[in-house]
Structures are given as structure tokens and as C-alpha cells.
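Colleague: The structure under discussion is supplied below as C-alpha cells; questions concerning it will follow.
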Amino acid sequence: MTSQRQTQKGALSPASPKTSPKTSSKAASKRRDSIADELRRQRQRVELFAEVTLKIRQSLQLKEILRATVTEVQRILQADRVLIYQVLPDGTGKPISEAVLPAYPEILGMEFPEEVFPKEYQQLYAQGRVRAIADVRDPAAGLAECLVEFIEQFDIRAKLIVPILQNLNSPQINASIPENQLWGLLIAHQCSQPRRWDDFELELMQQLADQISIALAQAQLLGHLEELVEMRTAELREANHSLQQEINDRMQAEFALRQSEEQLRLITNALPVLIAYVDDQQRYRFNNQAYADWLGQPPSQICGCHLQTVWGEDCYHRMSPYVEEALSGRAVVYETEIKIKTGAIRSVNVTYIPHLDEQQTVKGFFALTSDISERKAIERMKDEFISVVSHELRTPLTSLHSALKILTTGRLGTLSTDGQQMLEIADENTDRLVRLVNNVLDLQRIESGEVRMEKQSCNAADLMIQAIESMQPMAQQHEVILSNHPVDILIWADSDYIVQALTNLLSNAIKFSAPGDTVWLSVEYTDSAQSAKSSGARSVIPAARRKGRKSAKSQPIPAEVLFQVRDQGQGIPADKLESIFERFQQVDSSDSRRKGGTGLGLTICRKIIEQHEGRIWAESKLGEGSTFFFTVPALQQR
Ligand code: ADP
């Protein structure tokens with residue numbers, strides 16, 4: 001390109017004439033003028049180029065840049081037509097931007113076949129070739145005749161062609177060797193006549209072609225950036241969408257949760273019972289409106305508070321063992337009394353249901369407390385009524401009983417066989433009635449606090465022997481063997497009542513055993529802390545420790561003694577093991593008739609044992625037998 005330009009420059013420069021000394025000063029001043037002119041021209045060109053470049057680069061849009069380029073080149077060069085010809089990858093090409101005088105045909109958008117601009121020419125231009133043809137018809141231009149004919153249809157007489165190169169290296173890859181490819185051509189046409197293109201024109205065309213190359217690179221970069229921005233925008237849009245979705249889901253979940261919470265609150269608030277959830281730290285996590293009505297503390301004030309804070313020291317002390325039991329994973333039901341905000345005392349029934357997670361760890365418990373004061377009042381009235389009636393019955397019943405007993409001896413005369421049978425039935429039922437009346441009165445007296453247990457030091461072995469002796473006739477009658485294992489253990493108890501409890505249990509064991517069965521009675525020390533936990537989970541003191549008791553006086557004596565009455569009878573269903581201690585509760589309602597029971601024996605036993613601060617419970621296996629346990633305090637000092 002440079003050599004061609006140089007060649008052309010040489011062709012355009014006029015030869016210097018020989019000068020005489022006379023004319024030398026004139027010539028020198030002329031030369032100075034011409035140098036000054038040349039410098040001025042050069043400055044103008046630089047300014048012009050800067051101005052055009054600025055105009056071209058005012059836009060980032062390639063189309064705009066191309067349009068500005070052809071317009072400016074056409075204006076400055078005063079060419080008839082200036083166009084940008086894009087070379088397509090298949091070798092064909094088309095003008096994509098054009099500035100042409102109205103007198104000449106437009107060739108914008110026309111597609112030219114590869115023959116017009118063959119591959120070898122493309123390669124030459126790719127290496128930077130520049131062509132300046134002053135007259136296409138001039139054979140020195142070296143154009144084939146057919147080509148001249150072809151281009152003349154567009155009125156082309158002279159043309160100036162500079163390549164527009166494109167750097168193919170990706171902007172991200174910092175390639176040291178730029179790889180150029182021919183993107184297109186910047187072409188100026190003179191249509192009206194031949195034209196000799198000067199250096200300035202060549203240079204301008206070339207520099208503007210370079211500007212287009214830069215613009216192409218920028219457009220490529222811009223395109224790439226736009227692509228990146230689009231990708232990133234799409235990613236962000238996607239992320240935004242998921243986020244929005246998540247927010248919506250969360251809002252929906254929250255809404256559903258709020259709704260179900262409201263429903264739960266609505267239901268629990270409408271119930272006249274205390275409903276709460278207490279965590280494993282014994283702190284309220286949920287409680288209903290009834291807490292406000294009963295205790296005068298709004299639910300929000302109670303939530304998060306410890307049981308002791310809400311109920312106070314005394315009440316908490318009473319509920320504490322049950323709370324611990326619930327937190328050890330067992331459901332608890334108990335009755336107690338609480339003081340409400342008015343100062344009144346209410347009887348309540350409390351149920352604790354443990355809350356276990358998937359790993360069976362206790363997380364807390366659900367608490368339900370219902371007011372049973374009215375029921376209790378009615379029960380009290382009923383008890384009082386029964387006790388009054390029983391009391392009134394006792395005197396006539398005693399004489400009736402005695403009279404029947406005398407009659408059955410036959411001392412007042414003999415009866416017919418049928419009469420004797422009737423008499424025995426009457427005697428048997430009177431016996432039952434007497435027992436019932438006695439039991440009712442016993443229970444009423446114990447419950448009302450009318451009787452006080454006269455506790456004193458007594459030997460467990462003596463009480464056991466006494467009970468066994470009194471039950472021996474009954475055992476013989478039922479053909480049941482009584483096996484006694486008395487141990488000399490001192491207990492702190494009312495001996496009569498403990499014997500009564502033992503005989504009640506022995507009587508039941510005999511009643512529910514089959515002939516030939518054995519009933520065992522035994523006693524031993526027990527660990528009070530363990531046995532207090534549950535009716536079933538008691539812990540018996542190891543035999544070694546018990547044996548050592550007599551010799552090692554310094555050893556602490558366990559606080560409790562455990563009695564056991566074991567039989568081989570029919571057994572008791574698991575769901576009845578607790579209820580049989582309630583009054584008039586029997587496993588089978590026909591038991592009272594068949595076995596002559598009253599349904600009060602175990603209730604009386606429980607009352608007696610409770611008066612001794614002990615506990616009573618039963619364990620059983622259906623068909624294999626039952627064991628009744630009760631504890632009483634051991635005598636601490638010997
Ligand atoms: P009862 O006078 O009816 O025996 P209790 O209160 O002593 O009343 O006993 C209540 C019920 O408990 C009995 O009716 C019986 O169903 C059941 N029961 C008590 N002890 C035993 C036992 N050893 N074996 C089987 N069932 C028993």
C-alpha cells in the first residue's frame with residue numbers, strides 16, 4: 001500500500017526546473033511560500049480529519065457511523081459517489097451505505113456475485129492493498145474489458161478503494177497477534193469524468209477506513225456486552241422470579257399459618273377449660289383465654305413464663321411431681337385444687353399429655369385443666385346423703401343381722417329345707433349389706449377427716465401375721481393357700497388401718513383366685529424417690545443393703561416400706577388398673593354379686609394409705625395374676 005502510494009505520489013509530483021542565480025532569491029521566497037502553504041494545508045487536513053472523526057464517532061451505532069462516513073467523505077472529496085461495500089463470507093457482497101449525487105444511479109443494497117470481487121482480490125485487500133484508478137478505461141489501469149463494461153453501467157470513471165479490516169480476536173482473549181480479516185471496502189467513485197486521486201484523499205480514505213475498523217471492533221464489543229447484559233438480565237429476571245415466587249409461597253404459608261392459628265385460638269378460647277402447651281423448660285408456649293378469665297393474667301403475659309411464676313410457690317409444689325412425670329414421657333391425670341383470681345378455691349381435673357418428637361425426645365407437654373368443682377360438690381352431697389342413710393340403716397340392720405344369725409343356728413326351731421335355704425340367702429345378703437354400710441361409713445369418716453390415723457411405731461411382721469390369721473378361714477373356704485413372709489421392719493403407722501388395708505387386699509386376692517392357688521404377702525424396704533415416680537416404676541432396695549441394715553447401724557434407713565399382695569388369679573385388664581381404686585368401680589359389674597364385693601374396698605385402702613403419705617397401685621397380667629403394692633413410712637429411728 002505504501003509503495004503504491006509512494007509510486008502515485010512520485011507520479012503526481014512535478015519535476016524541479018533548473019534556476020539561474022538571479023532568480024534564486026525569488027525562487028527561495030517562492031519555496032518558502034509553498035512550504036508555508038503546504039504546512040497550512042496539512043494543518044487544515046489534520047483539523048478536517050479530527051472534525052470528521054468526531055462526527056463519525058458521535059454514534060455507537062455501526063449503521064450511523066457508516067452513514068456519517070460516506071456522507072463526510074463525499075462532502076470532502078467532492079466525489080460523485082461514496083459507498084461502503086460489505087464482503088460477505090460466501091464471497092459475494094453488497095453496498096450497505098452510500099452517498100451519491102442525484103444525477104447518478106444508486107447501487108445501495110445491490111448484491112454483487114463473487115466474480116465481481118474474486119477471492120484473490122479479497123486476499124490482497126486483506127493484506128492492506130489500496131487502489132486508486134484515475135480512469136477505468138485507461139488500459140494502464142489493467143481492468144478487464146468485461147469488468148469495465150460492468151462498472152460503466154453505474155457511470156463509474158474513476159475509483160479509489162481502501163480496505164476495511166476487522167480484528168477477529170475476541171475482546172476477552174488478550175491475543176498478541178491480531179488476526180485481520182477483510183470486512184469490506186470504502187470506495188469513492190467519480191462518475192462524470194476521470195479523476196486523479198491525491199495523497200490527502202488516499203490518506204483520508206484510509207484513516208476513515210481505520211475508524212470504521214475501530215467502530216466495528218467497538219460494535220462487536222458492544223454486541224458482546226449487550227449479549228452479556230442480556231444474559232445477566234435474564235439471569236436476574238429468573239432469580240427475581242424465583243425470589244418473588246418464594247416470597248409469595250412464604251406469604252401464603254404465613255397466611256395459612258395465621259389462619260390456622262386464629263382458628264386454633266378461636267376454638268381454644270371458646271372452651272371453658274385451661275388449655276396450654278408447656279415446653280421442656282416448664283415455660284408456657286401457648287395458653288388460651290381461659291387463663292385470663294381464671295387467673296387474671298392475659299395469655300400474652302403468661303406466654304414464656306415458668307409454671308412456678310404463673311401458679312405460685314404452693315401450687316407449683318403440688319403440681320411439680322406430675323409435671324416431672326409428664327416430662328419423662330408419661331401421660332398424667334390428677335385432681336387438685338387451685339385458687340382463682342377471685343380468691344375462690346376450685347377443684348380441677350388436670351391432664352398432661354407429653355409431646356414427643358420423631359426421636360421420641362420429650363419436647364414439652366399439652367396441659368388441659370377443667371373445673372370439676374360442681375361435680376365434686378355433688379359428689380360430696382351424695383356421699384353425705386349415703387353416709388346419713390347408712391348411719392340410719394346401721395342400727396336396724398345390726399338387729400336384723402343378729403336375729404338372722406340366731407335363726408340360722410336352729411336354736412329357735414328347725415325350718416324346712418327350703419325355709420333353711422331362704423334363711424341362708426337372707427343371712428348372706430345381710431352380711432353383704434352390713435359390709436357395704438360399714439364400708440360406706442368407713443370411707444365417709446376417713447374422707448371427712450373424722451378419723452385420725454393414730455400413728456405409732458409398729459412391727460410390719462406383726463401386722464402381716466394378724467391380717468393373715470384373720471383371712472385364714474376365708475382362704476380355707478376358697479381352698480387358697482396363704483404364704484406369708486413377715487420381716488421385722490418398724491413402720492410408722494396406725495396398725496388397725498394397715499391391717500384393714502392388708503385384709504382388704506388379701507380378701508380380694510383370695511376372692512379372685514382359683515382353688516389350689518397361692519396368695520403371697522411380703523414386705524421390704526424400698527427407695528422412696530424411685531417408688532414415688534410411678535406406680536409401676538418402683539425400685540426395690542438391693543437385698544445386700546437390706547441384709548446389712550441390722551449390723552451397720554450407721555447406714556441410713558430407707559424412708560419407705562413396700563408391702564406386696566400377690567395372687568395367681570384371673571388378673572386385671574391394663575386399662576382398669578387405675579380405675580378400680582375409684583369407688584364402686586369393678587372390672588366386671590357382676591363381681592359384686594358373684595364375689596360378694598362392694599366396690600369400695602380398694603377406695604378405702606387408697607384413702608388409708610394416702611393418710612400415711614404412701615402410695616398404692618396394682619400390676620397385673622390377665623390370666624396370670626395380680627400384685628397390689630403399697631408403701632408406708634419406715635420408722636427412721638430405731
Ligand atoms: P370389691 O369389694 O368389689 O372387691 P374392691 O374395691 O376391693 O371392691 O375391688 C374393686 C374391683 O377390683 C373388684 O370388683 C375386682 O373387679 C377388681 N379386683 C380387686 N382385686 C383384685 C384381684 N386381686 N384380682 C382381680 N381383680 C381384682
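Colleague: Can you tell me which residues in the range 73-108 are open to solvent by 40 Å² or more (accessible area, probe 1.4 Å) and not in a loop (DSSP other than H, G, I, E, B)?
Modeller: Within the range 73-108, Arg75, Gln86, Lys94, Ile96 qualify.
Colleague: Of all residues in the range 495-514 being in contact with a strand residue (DSSP E or B) (Cβ under 9 Å, 6 or more places away or on another chain) and outside any helix (DSSP H, G or I), which is farthest from the ligand (Cβ to nearest atom)?
Modeller: Ser513
Colleague: Just one of the numbered conditions (1) outside the structural domain of Thr603 (by TED's automatic domain parsing); (2) of a type in the set (D, E, K, R); (3) farther than 17 Å from His612 by Cα is not true of Glu479; which one?
Modeller: So Glu479 meets the others, but not (1).
Colleague: Can you name the residue in the range 459-489 that is β-branched (Val, Ile, Thr) and under 18 Å from Phe630 (Cβ atoms) and is also most open to solvent (accessible area, probe 1.4 Å) among such residues?
Modeller: It comes out as Ile465.
Colleague: Right, here's the next one. List pairs: first in the range 571-589 and of a type in the set (Phe, Trp, Tyr), second modelled with pLDDT of 90 or more and open to solvent by 80 Å² or more (accessible area, probe 1.4 Å), Cβ under 9 Å, 6+ apart or cross-chain?
Modeller: No pair meets every condition.
Colleague: Starting from the range 602-629, take each residue that is within 16 Å of Lys511 (Cα to Cα) and list its partners that are among the β-branched types (Val, Ile, Thr), counting only C-beta distances under 6 angstrom and pairs at least six apart or across chains.
Modeller: Final answer for the pair search is Leu602/Ile580; Ser620/Ile572; Ser626/Ile572; Phe628/Val565.
Colleague: Here's a follow-up. Could you identify the single residue in Tyr125, Tyr85, Tyr121 that is hydroxyl-bearing (Ser, Thr, Tyr), free of Cβ contacts under 8 Å to residues at least 12 places away in the same chain and assigned by TED's automatic domain parsing to the domain that holds Glu203? First the steps, then the outcome.
Modeller: Values: Tyr125 fails: free of Cβ contacts under 8 Å to residues at least 12 places away in the same chain; Tyr85 fails: free of Cβ contacts under 8 Å to residues at least 12 places away in the same chain.
One residue alone meets the criteria, Tyr121.
Colleague: Tell me yes or no: at least one residue of the range 150-160 is open to solvent by 40 Å² or more (accessible area, probe 1.4 Å) and under 60 Å from the mean Cα position of the chain (by Cα).
Modeller: Initial filter on the range 150-160 (open to solvent by 40 Å² or more (accessible area, probe 1.4 Å)): 150, 152-153, 155, 157.
Next, from what is left, pick out any that are under 60 Å from the mean Cα position of the chain (by Cα): none.
No, every residue in the range 150-160 fails to be open to solvent by 40 Å² or more (accessible area, probe 1.4 Å) and under 60 Å from the mean Cα position of the chain (by Cα).
Colleague: Another question, if that's okay. Answer with yes or no whether Ile338 is touching a Ser or Thr at 6+ places or on another chain (Cβ under 9 Å), within 15 Å of Phe366 (Cβ to Cβ) and either acidic (Asp, Glu) or surrounded by 13 or more Cβ atoms within 10 Å (Cβ to Cβ) (or both). Reasoning before the result, please.
Modeller: Values: touching a Ser or Thr at 6+ places or on another chain (Cβ under 9 Å): yes; within 15 Å of Phe366 (Cβ to Cβ): no; either acidic (Asp, Glu) or surrounded by 13 or more Cβ atoms within 10 Å (Cβ to Cβ) (or both): yes.
Spelling it out, it is not the case that Ile338 is touching a Ser or Thr at 6+ places or on another chain (Cβ under 9 Å), within 15 Å of Phe366 (Cβ to Cβ) and either acidic (Asp, Glu) or surrounded by 13 or more Cβ atoms within 10 Å (Cβ to Cβ) (or both).
So that you can scan it fast, the table gives a plain yes or no per residue for (1) surrounded by 14 or more Cβ atoms within 10 Å (Cβ to Cβ); (2) part of a helix (DSSP H, G or I):
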| residue | (1), (2) |
| --- | --- |
| Ser370 | yes, no |
| Ile378 | no, yes |
| Met381 | no, yes |
| Leu407 | yes, yes |
| Leu415 | yes, no |
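Colleague: Any idea which residue in the range 418-458 is least open to solvent (accessible area, probe 1.4 Å), counting only those that are over 22 Å from Arg583 (Cβ atoms) and not in a helix (DSSP H, G or I)?
Modeller: Checking each candidate, the answer is Cys458.
Colleague: Further question: Please tell me if Met464 is within 16 Å of the ligand (Cβ to nearest atom), in the same structural domain as Trp617 (by TED's automatic domain parsing) and outside any strand (DSSP E or B). Please lay out each step first, then the result.
Modeller: Details: within 16 Å of the ligand (Cβ to nearest atom): no; in the same structural domain as Trp617 (by TED's automatic domain parsing): yes; outside any strand (DSSP E or B): yes.
It is false that Met464 is within 16 Å of the ligand (Cβ to nearest atom), in the same structural domain as Trp617 (by TED's automatic domain parsing) and outside any strand (DSSP E or B).
The values are calculated or read from the model by the stated rules, or taken from the named source; none is laboratory data. All of these numbers come straight from a predicted model, not from anything done at the bench. Cβ sites come from the backbone with ideal geometry, for glycine too, and all protein chains shown count toward neighbours. For the accessible areas, the whole protein counts, side chains as well, though only heavy atoms, and no ligand, DNA or RNA atoms are used. Shrake-Rupley method; radii C 1.70, N 1.55, O 1.52, S 1.80 Å.
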